[in-house]
Amino acid sequence: CASGKLDDDRLPDQPPEELYRQGQQKLDQGNYEAAAKAFEEVERQHPYSQWATRGELMAAFAYYQANKYDEAIGAAQRYIDLHPGSKDVPYAHYLMGLCYYEQISDVGRDQEMTQKALDTFSELVRRYPESQYAADAKLKIDLVRDHLAGKEMEVGRYYERRKLWLAAINRFQNVVQNYQTTTHVPEALHRLTESYLALGMKQQAQEAAAVLGYNFPGSEWYQRSYALLKGENLEPGRSGSGSWLSRLF
Amino acid sequence: CQPTINTHGHEVDTTQLSQIKPGVTSREEVARLLGSPSTKGTFEKESWFYISQRNEAKSFYQDKVTEQDVVRIDFDANGIVTNVSAHGLELAQAIEPDPNKTRTMGNELTVLQQFVGNIGRFNSSPELRQQGPVGR
Amino acid sequence: QQQQESGGVIRRIVVEGNQRIEPSTVESYLAVRPGDPFDPQKLDESLKSLFATGLFDDVSLDRQGDTLVVKVVENPIINRIAFEGNKRLDDKTLEAEIQLRPRVVYTRARVQNAVNRILELYRRNGRYAAKVEPKIIELDQNRVDLVFEISEGPVTRVGGIAFIGNEKFSDSTLRGVVQTKESAWYRFFTSDDTYDPDRLSFDQELLRRFYYARGYADFQVVSAVAELTPDGQEFFITFTVEEGPQYKFGKIDIDTTLRDLSPDQLRQFVETRSGEIYNADQIEATIQKLTDEVGRLGYAFVNIDPKVTKHRDDLTIDLTYAINEGPRVYVERIDIEGNVRTLDEVIRREFRLAEGDAFNTALLRRSQQRLRNLGFFETVDIKTEPGSAPDKIVIKTKVTERSTGELSFGAGYSTQDGVLGDVRLRERNLLGRGQDLTANFTVSQRRQNIEFSFTEPYFLERDLAAGFDIFRSRTDFQSEASFDETSTGGTLRLGYPLTENLRHAVRYTYRVDDIHNVDRDASIFIRQEEGGRSTSLVGQTFTYDRRDVRFLPSEGYYLRLDQDVAGLGGDNRFLRHEGRADFYYPFFPDVVLNLGASAGYIFGFGGEDVHLANRFFIGGNTLRGFRFGGIGPRDKETDDKLGGNLYYVGTAELRFPLGLPSELRIFGRTFVDAGTLEDIDVSGPTLDENKGLRASAGVGLSWLSPLGPLSIDVSQPFLKQSHDETEVFRLSFGTRF
């Protein structure tokens, strides 16, 4: 009972190596999406040839080159599910991590991709620590964590601008305590000095500035904290003073 | 037009606060009386803080902080209160947050992207792009 | 099946029957390794995990000596999928629904699941008689082609809706309450007339709410039955209800355990009054108001629940609002997700709560409402999750953005401007910063207009809306006053709230109005005005908005006052006041009376007269029955209209449904307009002040069609002056697509 519909668009079957070679050729020409389709054709027509296994991975790579992130992630995930034992599985994980990594948006926006990149790279480093991709994955993890810390700082600064010091302190503390290896720690410590002083918690302010000075003596953030604590602009003020613009209203 | 008063943070109930005796009350007791602290010390966890704030919001004027209270409770190593202190707006300092920011990466949305609707690709490591899976 | 006797150690594991799956893959799912004992429990585990992969049609474990033989039969791979017989739903929709794709492993369970999904999709589209038959075509290399043969069958319509047990309200009223509608020719836009069980249960909820809001506290839906006709074409739905008696409110009371909060402060917010008909919606509204008020007084932790006591004997219900302290919970974090385009700050600034604050449901509800009013999001859902301590919670906000960019083309015809076409490009959430940018090009027979405007709602991080507009327009007044006017200019503006409903705005405008190609035999008063004059003015606006909704309000009122002083440079020197007031009174549902009045007065100072470009012209939309600029001071000889310094117009309009089903959104209007335009700074023998009240009455029809609003007005002036230019018929139809 073969139905009519299927016969008319039956593709001429070609030997797997031929299809694979076509895929590679298109890849070299930079025609990435066509390449991905060709590699998938290998698997569809010859699911049992070892070219098919190779083809799946190349399809994922080709989609990645074509910025088709969702397709690339789908293909890589299928490769991992079907060939968990293969030597190329670390690369498939790495490729998925890159797909998420390249969709990271700036700190003001949704960090879903950042989180997924972090999870994928962490899994790669945890399961295949000696794979050649683990090194770059570790580097990416640091960059991604730095980005997440950047988001915490962005929210902290938002609350600081609105003089909601408690909310700001908790955000900056989160950076200092949970993102110690990121580039945001010096600024976080300075922001804590600012917020504590604004609340009249001089001892905590001095502590934060001391830790900042001790760990990052050369940082310009330390100079700013130092200036604040030496009382450069310590004029007593009931409500927010500062630039004439805000005092004008 | 009369302003609206907004209260923020954790206002401590003075009657309960008076029941906290240095050398007597334990950490759990304080938590039962006042609830968990708004924030703890950044470096030493032995002191708890309950911070509250009342601002006056009038039309487009910047919120004016009218009240700001910090209640601090210190504990010794085995969790017994050693000191209870509180202060208000009198110790507050006028602070203008520093305008500089630590640089971060990530796709900044451009006007074109907004209208075209897709978020551009942030190129992470150009040299890794060409090199496909090992042993093509 | 696998060998029973255990003991002895597995030396080797051999995998047989695998074609596509590598032995290492099969071994990775086994719970045993070479060197482990033949433990039946572990072997059983391996069997289960191998089956769970879905890769295998059959798996068996045999023991030969000390070798474990794993025999597998691989499931075939799907080569291609096709659908046949589907007319209403195309292949793409079906493919997305069945979650099967080429190159995926074929299992009977997955195919059965796909069949059920297709049937469900057809049921949702009102086709309950659809049938789906999966067919397999064997191919070489253990591959199969999969064909779904579909016979869609007819749409199952709703033949009729009947109600049993309803004495107080007629069947037709109740049919208006439920959402499921009887199939009818004019319901081509809606799918409400197809049978959908979920909608049926929602209908029961609607009936309950309808009756609870009208005093029937004991109301219940006994049954809601949908019978399918033998030919499977139509459903007949019958609701059996028990109305029960109508209750009135008995004693209404407030009691509270909150310290120094007296019930008397709150009585004014209670909408439920003893003696009135019992109404569940009013109770809900009262709780809402009480929560907000108590929240405003600074009590963060509050929960209010109404204690109800029913008296069956005298059919009254006593109600006590118990206001007690709720759990003392604090907000630890506010996390925002889903904002791919909108900046975190633009969302966070709408929150009435900050991190560290006391958790207050009223403030959270208002925050959610403010986020929805932004108009940037399809959905805004806020849920709370436990925080790091028992009395801390995390607020999780998930938004899904909608496209806030509008590229719309408008086409319309209005007897005043002739054929009207406009292109409007608008982005209400520019770069995700919440800023509003609009570019507007209007072209019609009489008017061409280009306009750009930009607004930043939170200028300087405050509740301060700052913006600017620049415009250039060319209008042809030849038929009324034989001149053309080209205006170019710009405005800077600042707006801010004074109270919850009162807003104030200040502006500076600079514009140049050029009167040109004045007809040779135009009125002397027009010819004097030829040439350009600049206006540099400062102005302010107060708006007080208490309407229930902005579009088609049915209750409340709206007041507006505009004042402008021109003279800060520029040629013109004048002071202009304009006021407007609109009141809306709902009578029966959907019958709304709108009483409106507007007035304007402009006078020059510093020895300067008010010139043509700044004078008022009324008519058309502002005074129906008369052409725009068709009344007021005129030149006796040339009958050119000269505009006036003072106008006032009153209007009374009654809006009412025409008995057609509500979803067609057609309604009728009757109205009376009255007003006049007079007082002019020029004088001369040929000037005719042309004073006197004008009035007209008329009827109108409005249709909010899916393509755009259309309105037709027919008005007959019954009080006019001899030279007035009247306009009996007005039609305007605009569409955004």
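Residue C:332's amide H: which non-local residues (gap 5+, or another chain) put their own amide H closer than 5 Å, with H modeled 1.01 Å from N in plane and none for Pro or chain starts?
Those lying under 5 Å, H to H, from residue C:332 are C:356, C:393, C:394, C:395.
Rounded to whole Hz and in sequence order, give me ³J(HN,Hα) for region A:30-35 from the Karplus expression 6.51 cos²θ - 1.76 cosθ + 1.60, θ = phi - 60°, writing x for Gly and Pro.
x, 8, 5, 5, 4, 4
Among the listed pairs A:230/C:392; B:21/B:45; B:40/C:383; A:68/A:140; B:64/C:392; A:230/B:45, which are separated by more than 30 Å between their Cα atoms?
From the list (A:230/C:392; B:21/B:45; B:40/C:383; A:68/A:140; B:64/C:392; A:230/B:45), the Cα-Cα distance tops 30 Å for A:230/C:392.
Residue C:384's amide H: which non-local residues (gap 5+, or another chain) put their own amide H closer than 5 Å, with H modeled 1.01 Å from N in plane and none for Pro or chain starts?
Distant-sequence amide H within range of residue C:384: C:396.
Per the Kirkwood treatment, what hydrodynamic radius in Å, one decimal, follows for region B:1-81 from the mean inverse distance over all distinct Cα pairs?
Every distinct Cα pair counted, the radius reaches 14.2 Å.
Evaluate the charge dipole of region C:329-395 about its Cα centre and quote only its size in Debye, nearest 20, assuming +1 on the Cβ of each Lys and Arg and -1 on the Cβ of each Asp and Glu.
Taking the Cα centre of region C:329-395 as origin, the dipole is about 320 debye.
Rounded, prolate or oblate: pick one for chain C, where a ≥ b ≥ c are the square roots of the eigenvalues of its C-alpha gyration tensor, a/c under 1.5 means rounded, and failing that, prolate if a/b is larger than b/c, else oblate.
prolate
Roughly to the nearest percent, how much of the accessible area of the protein assembly as shown is carbon and sulfur, given a 1.4 Å probe?
Ligands and nucleic acids excluded, carbon and sulfur reach 54 percent.
Solvent-accessible area of residue B:8, probe 1.4 Å, all protein chains present, reported in Å² to the nearest ten, please.
About 30 Å², ignoring ligands and nucleic acids.
Cross-link candidates for residue C:720: which lysines have Cα within less than 28 Å, leaving aside residues fewer than 8 places away along the same chain?
Excluding near neighbours in sequence, the set is C:636, C:641, C:691.
On C-alpha positions alone, give me the angle between the axis of helix A:16-29 and the longest principal axis of chain A, in degrees, nearest 10.
It works out to around 40 degrees.
Just to be sure I understand: with springs between alpha-carbon atoms less than 10 Å apart, which residue in A:102, A:40, A:152 has the highest mean-square fluctuation in the Gaussian network model of chain A?
Result for chain A, Cα springs under 10 Å: A:102 fluctuates most.
Can you list the lysines whose alpha carbon sits under 28 Å from that of residue C:310, skipping same-chain ones fewer than 8 residues off?
C:168, C:248, C:251, C:289
Mind checking A:106-117 for the average number of partner chain beta-carbons within 10 Å of each residue's beta-carbon?
Averaged over the peptide's residues, the number is 6.
For C:616, C:603, C:471, write out the residues from largest to smallest accessible area, computed with a 1.4 angstrom probe and no ligands counted.
Sorted by accessible area, descending: C:603, C:471, C:616.
Taking every eigenvalue of the Cα gyration tensor of the protein assembly as shown, multiplying by 5 and rooting it, what semi-axes result, largest first, whole Å?
On the way: eigenvalues 737, 403, 269 Å².
So the three semi-axes of the protein assembly as shown are 61, 45, 37 Å.
Placing +1 at every Lys and Arg Cβ and -1 at every Asp and Glu Cβ, with all other atoms neutral, what dipole size does region C:83-217 have around its Cα centre, in debye to the nearest 20?
340 debye
Give the peptides C:133-141, C:444-452 in descending order of average Cβ contacts within 10 Å, highest first. Display every interim value, and only then the final one.
On the way: C:133-141: 13.6, C:444-452: 15.7.
Answer by packing, highest mean first, reads C:444-452, C:133-141.
In peptide C:345-355, what is the residue-averaged number of other protein chain Cβ atoms found within 10 Å of each Cβ?
4
At a probe radius of 1.4 Å, what is the per-residue accessible area of residue C:573, in Å² to the nearest 10?
Roll a 1.4 Å probe over it and residue C:573 shows about 80 Å².
Hey, can you find the accessible area per residue of region C:91-208 for me, probe 1.4 Å, expressed in square angstrom? If you can, show how the numbers build up before the last one.
Details: 5970 Å² over 118 residues.
Normalised by residue count, the accessible surface of region C:91-208 is 51 Å².
Pick from A:74, A:97, A:218 the residue whose mean-square fluctuation is largest in a GNM of chain A, springs joining Cα atoms under 10 Å.
The residue with the greatest mean-square fluctuation here is A:218.
Could you tell me which residue out of A:225, A:14, A:170 lies farthest along the dipole of chain A toward its positive end? Charges go on the beta carbon: Lys and Arg +1, Asp and Glu -1, centred on the Cα centre.
My answer, from the dipole projection, is A:225.
Helix A:134-161 sits at what angle to the longest principal axis of chain A, using alpha carbons and giving 0 to 90 degrees rounded to 10?
40 degrees
Per-residue HN-Hα couplings for region C:669-680, Karplus 6.51 cos²θ - 1.76 cosθ + 1.60 at θ = phi - 60°, whole Hz, x for Gly and Pro?
9, 10, 8, 10, 10, 9, x, 8, 9, 8, 6, 9
Sort C:335-342, C:257-264 by the packing proxy (mean of other Cβ within 10 Å over each peptide's residues), most packed first. Mind dumping the intermediate values first?
On the way: C:335-342: 20.4, C:257-264: 10.4.
Put in order of decreasing packing, that is C:335-342, C:257-264.
Take A:86, B:18 and sort them by solvent-accessible surface of the protein heavy atoms, 1.4 Å probe, largest at the top.
So the residues, ranked largest to smallest area, are B:18, A:86.
What's the average, rounded to a whole number, of partner chain beta-carbon atoms within 10 Å of each residue's beta-carbon in B:7-14?
That works out to 5 on average.
Using heavy-atom solvent-accessible surface (probe 1.4 Å) with all chains present, what is the largest-first order of C:9, C:26? Could the numbers behind the result be given before it?
On the way: C:9 60, C:26 0 Å².
Descending accessible area places them as C:9, C:26.
Mind listing the phi-derived Karplus ³J(HN,Hα) values for region A:113-120, rounded to whole Hz, using 6.51, -1.76 and 1.60 with θ = phi - 60°, and x for any glycine or proline?
Running phi through 6.51 cos²θ - 1.76 cosθ + 1.60 with θ = phi - 60° gives 5, 4, 5, 5, 4, 4, 4, 5 Hz.
Could you tell me how many cubic angstrom of Cα convex hull volume chain A has per residue?
213 Å³
Cα to Cα, under 30 Å, and not fewer than 8 places away if on the same chain: which lysines meet these conditions relative to residue C:135?
Partners within reach: A:5, A:37, C:48, C:71, C:87, C:92.
If ligands, DNA and RNA are left out, what is the accessible area of residue A:158 with a 1.4 Å probe, given in Å² to the nearest 10?
Accessible area, nearest 10 Å²: 10 Å².
Suppose every Lys and Arg Cβ carries +1 and every Asp and Glu Cβ carries -1, with no other charges. What dipole size does the protein assembly as shown come out with about its Cα centre, to the nearest 20 debye?
Approximately 960 debye in magnitude.
The values are calculated or read from the model by the stated rules, or taken from the named source; none is laboratory data. Fair warning: this is a prediction, and the values are worked out from it, not measured in the lab. Don't worry about glycine lacking a Cβ; one is built from the backbone with ideal geometry, like all the others, and counts go over all protein chains shown. Accessible surface areas use protein heavy atoms only, side chains included; no ligands, DNA or RNA. Shrake-Rupley method; radii C 1.70, N 1.55, O 1.52, S 1.80 Å.
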